[in-house]
1. Restrict the check to the range 80-95 and report whether at least one residue is over 20 Å from the mean Cα position of the chain (by Cα) and hydrophobic (A, V, I, L, M, F, W, C).
2. Among the candidates 239, 194, single out the residue that is surrounded by 13 or more Cβ atoms within 10 Å (Cβ to Cβ), hydrophobic (A, V, I, L, M, F, W, C) and touching a Phe, Trp or Tyr at 6+ places or on another chain (Cβ under 6 Å).
3. Would the range 102-121 turn up any residue that is part of a helix (DSSP H, G or I), closer than 30 Å to residue 206 by Cβ, among the polar types (S, T, N, Q) and at pLDDT 80 or above?
4. Only one of 180, 167, 151 is of a type in the set (A, V, I, L, M) and at pLDDT below 75; which?
5. Looking at (1) farther than 18 Å from residue 137 by Cβ; (2) surrounded by fewer than 17 Cβ atoms within 10 Å (Cβ to Cβ), can you tell me which one residue 90 breaks?
6. Between 136, 210, which is of a type in the set (S, T, N, Q) and either within 26 Å of the chain's Cα centre (by Cα) or not in a helix (DSSP H, G or I) (or both)?
7. How many residues does the range 228-246 contain that are closer than 17 Å to residue 183 by Cα and modelled with pLDDT of 80 or more?
8. Here is a check on your reading of the model: is residue 35 over 30 Å from residue 138 (Cβ atoms), assigned by TED's automatic domain parsing to the domain that holds residue 136, modelled with pLDDT of 80 or more and among the β-branched types (Val, Ile, Thr)?
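The values are calculated or read from the model by the stated rules, or taken from the named source; none is laboratory data. This structure is a prediction, so every number in the text was calculated from the model and none was measured. Backbone-built Cβ (ideal geometry, glycine too); neighbour counts: all protein chains shown.
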Amino acid sequence: MYLKPYKYQFLAVFLAAVLSTVFNIFSPKILGQATTKLFEGIMLKAQGIPGARVDFDFITQILITLVFLYLFSSLFSYIQQYIMAGVAQKTVYNLRKEINSKLSRLPLKYFDAQKHGEILSRAINDVDNISTTLQQSLVQITTSVVTLVGITVMMLTISPVITLVLIVTLPLSFIVTMFIASRSQKYFMGQQGALGELNGHVEEMYTGHQVIKAFGHEDKSVQQFKEINEKLYNSGWKAQLYPASSCP
């Protein structure tokens, strides 16, 4: 619903991702032609063939072509990032407006039952995570899919046998990825839960500072903060390091 008004922007992002990826895929193959020409020239000279030389004119043309390819690839990559950044920020802007409107309509009993820090965490941290997902992860997924298809086609033109080996091993990689994602998901959920709890505790302790001082609650408050912070630390480092450490 929130992304529906930006369907044309998504189409432009997809086209820019395709063009950027195509230029990146073709570049190594063209660079291989320059490497082959350089190797052939060196081998002919090593064999002592009269008049043998390295065709630097051809290599120079290849290098100039590569410069333009990489420039075009960078340009389209910038375009997709620029468009996606605008879409992400507009979406998050509208989402924050609706959250603010929703909070203003909620009854007082809701705020009495919820910690203010947890409400702020949902309205700020969770929305920021949505912004990051839209601006980075969505673009990476699109680029990765296009890259996978493009590389597969390019490999078929080079070596069908190697391409077949790659296709056979892909399901295994997918299974490993799904296993890691399912195991690490609970740590990410724990991280967000602990972050909301920590924000709630800090907000309550600061707003009720005078009451805490009056009843000598400082040590208990500090101890509670340490426990929640330790929970956030354990969930955070496991969420970040478990996928990397579990990769084959």
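1. Scanning the range 80-95, I find at least one residue that is over 20 Å from the mean Cα position of the chain (by Cα) and hydrophobic (A, V, I, L, M, F, W, C), so the answer is yes.
2. Values: 194 fails: touching a Phe, Trp or Tyr at 6+ places or on another chain (Cβ under 6 Å).
Unique residue meeting the criteria: 239.
3. In the first step, residues of the range 102-121 are kept if they are part of a helix (DSSP H, G or I); the result is 102-105, 108-113, 116-121.
Within this subset, residues satisfying the condition of being closer than 30 Å to residue 206 by Cβ are 102-105, 108-113, 116-121.
With the extra rule that they be among the polar types (S, T, N, Q), the set shrinks to 104, 121.
Within this subset, residues satisfying the condition of being at pLDDT 80 or above are 104.
The answer is yes, given that some residue of the range 102-121 is part of a helix (DSSP H, G or I), closer than 30 Å to residue 206 by Cβ, among the polar types (S, T, N, Q) and at pLDDT 80 or above.
4. Details: 167 fails: at pLDDT below 75; 151 fails: at pLDDT below 75.
It is 180.
5. Against the list (1) farther than 18 Å from residue 137 by Cβ; (2) surrounded by fewer than 17 Cβ atoms within 10 Å (Cβ to Cβ), residue 90 comes up short only on (1).
6. Numbers: 210 fails: either within 26 Å of the chain's Cα centre (by Cα) or not in a helix (DSSP H, G or I) (or both).
Result: 136 is the single residue among 136, 210 that is of a type in the set (S, T, N, Q) and either within 26 Å of the chain's Cα centre (by Cα) or not in a helix (DSSP H, G or I) (or both).
7. Let us first name the residues in the range 228-246 that are closer than 17 Å to residue 183 by Cα, namely 234-246.
So of that shortlist, the ones also modelled with pLDDT of 80 or more come out as 234.
Counting residues in the range 228-246 that are closer than 17 Å to residue 183 by Cα and modelled with pLDDT of 80 or more gives 1.
8. Details: over 30 Å from residue 138 (Cβ atoms): yes; assigned by TED's automatic domain parsing to the domain that holds residue 136: yes; modelled with pLDDT of 80 or more: yes; among the β-branched types (Val, Ile, Thr): yes.
Against the criterion (over 30 Å from residue 138 (Cβ atoms), assigned by TED's automatic domain parsing to the domain that holds residue 136, modelled with pLDDT of 80 or more and among the β-branched types (Val, Ile, Thr)), residue 35 qualifies.
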